[in-house]
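*Asks:* A single structure is presented below for examination.
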Amino acid sequence: MSFNYGLIGNPVSHSKSPVIHNMFASYIGIDMTYDLFCVEENELGDFLHKGYEAKVKGYNVTVPHKSSVMKYLIGISDEAKAVGAVNTLKLSPNGYEGINTDTKGFLRCLRENGISVLDRECVVIGAGGAARAVIYSIIKAGAKRVFVVNRTKAHAEILCNDMNEVFSRNVCSYASAEEIVDISPGFFCAQTSSLGLKGEDAMITDETFYSKMSEAVDIVPKKTTDFIERCKASGKECSNGFDMLVYQAVESFEYWHDVHVPNEAVLTVRSLLNNE
Ligand code: ATR
């Protein structure tokens, strides 16, 4: 029996999720389909209701519906509530339940790259939805302090206040691109702004910043970005956003099917994306 899954977003045509999920399914021997659904905001409730009636087993949810989808769900994980976004739905007898695998996926991405943030200072560039999942993850993983660098200070401040409230400690604060250059050496940095996606220069261009950094992750799903190039020029490791893309998919796949995705399948998909 074949089970149906899919991605809801707008737009979705560029998505690499079908390739990733189909690859995992064939590796493990699960008979499933994974389709792309471009859905308007005002059609979301209706779309999910029809999916429920057709017994569609699960959905991934992407931009711009990760927050708006929450009101149509019958259950939401604490993590997804704290982040304010859901990216994975699973069919249950009375409707869909939602979790956020961007958080777990990001932590797995760090683990697989040999990065620990425990008791460390971290810098997060960007303050959008992706930054929210990243910041939640690294505080959960024991980061000592998180500095958020963002074009719009007010967006960063709202995010920091929310996270400080979730974790009941003053762990997260805004820093300007100029101020952050004075940070002590040895920090971890996550680049979450969409600048790299548009092929634009990184938000921080001062070489001192990169020379003080220990290692970094850019979550923009591209082989390379200006940020990654600047890290490399300073001799620092920086993985690209294909890692996070793959690991959030692994977490979704395991949640849906209650299986373990073998490392070999993960590595195959990673190299496929990097060699496209
Ligand atoms: P996502 O949900 O994928 O994180 P988003 O919510 O649109 O996307 O957030 C995009 C991030 O990239 C934000 O931090 C945004 O900065 P602002 O808060 O100032 O909007 C940042 N960003 C996007 N375009 C930018 C640009 N041209 N210069 C600097 N920052 C930019």
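No value in this document is a laboratory result; all are computed from the given coordinates. Values in this document were obtained by computation on a predicted structure and should not be read as measured data. Here Cβ is always computed from backbone atoms with ideal geometry, including for glycine, and neighbour counts include all displayed protein chains.
*Asks:* Could you pull out every Cys in the chain that lacks a partner Cys with its beta carbon under 4.7 Å away?
*Replies:* Lone cysteines by the Cβ rule: 38, 109, 122, 189.
*Asks:* Test of understanding: what is the full-extension gain from residue 49 to residue 181, defined as 0.36 nm times their sequence separation minus their Cα-Cα distance? List each step's numbers first, then the result.
*Replies:* Numbers: separation 132, 0.36 × 132 = 47.52 nm, distance 4.99 nm.
Answer, rounded to one decimal: 42.5 nm.
*Asks:* For a quick check: with amide H placed at 1.01 Å from N, whose amide H comes under 5 Å from residue 237's, ignoring anything fewer than 5 positions away on the same chain?
*Replies:* 216
*Asks:* Give the cross-link partners of residue 104 among the aspartates and glutamates, using a straight C-alpha distance below 15 Å as the criterion and excluding same-chain residues fewer than 8 apart.
*Replies:* Within the straight-line cut-off, residue 104 pairs with 78, 79, 112, 243, 251, 254.
*Asks:* Taking the alpha-carbon centroid of each part, what is the distance from the range 45-112 to the range 124-152 in angstrom?
*Replies:* Distance between centres, Cα-based: 21 Å.
*Asks:* State the extension gain, in nm to one decimal, for the chain segment bounded by residue 4 and residue 201, taking 0.36 nm per residue of separation less the distance between their alpha-carbons.
*Replies:* 66.9 nm
*Asks:* Can you tell me how the range 1-60 classifies by the Cα gyration tensor, rounded, prolate or oblate, using a/c under 1.5 as the rounded cut?
*Replies:* It comes out oblate by the Cα gyration axes.
*Asks:* If you restrict to DSSP beta bridges whose two residues both lie in the range 68-192, what percentage is antiparallel, to the nearest 5?
*Replies:* 25
*Asks:* Residues in the range 159-194, backbone N under 18 Å from the label point at residue 118 (7 Å along the Cα-to-beta-carbon vector): list them, ranges by number please.
*Replies:* The answer is 187-188.
*Asks:* Springs between alpha-carbon atoms under 10 Å, Gaussian network over the chain: tell me which of 30, 180, 76 tops the mean-square fluctuations.
*Replies:* 30
*Asks:* With a 10 Å cut-off between alpha carbons and a GNM built on the chain, which of 260, 155, 14 moves the most?
*Replies:* Residue with maximal mean-square fluctuation among 260, 155, 14: 14.
*Asks:* Please arrange 62, 192 by how many other C-beta atoms lie within 10 Å of their C-beta, fewest to most.
*Replies:* The most exposed by this proxy come first: 62, 192.
*Asks:* Which value, in debye to the nearest 20, gives the size of the charge dipole of the chain about its Cα centre, when Lys and Arg are +1 and Asp and Glu are -1 at the Cβ?
*Replies:* I would put it at about 260 debye.
*Asks:* Rounded if a/c is under 1.5, else prolate if a/b is larger than b/c, else oblate: which is the chain, with a ≥ b ≥ c the root eigenvalues of its Cα gyration tensor?
*Replies:* prolate
*Asks:* For a quick check of your reading of the filter: which GluC sites (Glu not before Pro) in the range 130-203 sit in a DSSP loop and have no more than 16 other Cβ atoms within 10 Å?
*Replies:* 178, 200
*Asks:* Using a Gaussian network model of the chain with C-alpha springs under 10 Å, which one of 243, 162, 119 is most mobile by mean-square fluctuation?
*Replies:* Fluctuation is largest for 119.
*Asks:* Of all the stretches in the chain, which is the longest one without any exposed loop site, taking trypsin sites (Lys or Arg not before Pro) in a DSSP loop (any state but H, G, I, E, B) with at most 10 other Cβ atoms within 10 Å?
*Replies:* By the stated rule (loop sites, at most 10 other Cβ atoms within 10 Å), 56-168.
*Asks:* What are the ³J(HN,Hα) couplings of the range 85-95, residue after residue, when phi is run through the Karplus curve with 6.51, -1.76, 1.60 and θ = phi - 60°? Round to Hz, x for glycine and proline.
*Replies:* Computed from phi, the couplings for the range 85-95 are 8, 10, 10, 9, 10, 10, 5, 10, x, 9, x Hz.
*Asks:* Now a separate question. Taking neighbour counts of Cβ atoms within 10 Å as a proxy for exposure, in what order, fewest first, do 124, 117 appear?
*Replies:* The order, fewest Cβ neighbours first, is 117, 124.
*Asks:* As I understand it, the dipole of the chain uses +1 on the Cβ of Lys and Arg and -1 on the Cβ of Asp and Glu, about the Cα centre. Which of 93, 199, 106 lies farthest toward its positive end?
*Replies:* Farthest along the dipole direction, towards plus: 93.
*Asks:* Go through 90/153; 153/198; 57/153; 55/222; 81/198 and tell me which ones have a Cα-Cα distance over 32 Å in this structure.
*Replies:* Over 32 Å Cα-Cα: 90/153; 57/153; 55/222.
*Asks:* Of all DSSP beta bridges located in the chain, what percent are antiparallel, nearest 5?
*Replies:* Among the beta bridges of the chain, antiparallel pairing accounts for roughly 20 percent.
*Asks:* Does the range 97-141 classify as rounded, prolate or oblate by the C-alpha gyration tensor (a ≥ b ≥ c root eigenvalues; a/c under 1.5 gives rounded; else a/b over b/c gives prolate, otherwise oblate)? List each step's numbers first, then the result.
*Replies:* Details: a/c = 1.98, a/b = 1.24, b/c = 1.60.
Oblate is the answer for the range 97-141, as a/c is 1.5 or above yet b/c matches or exceeds a/b.
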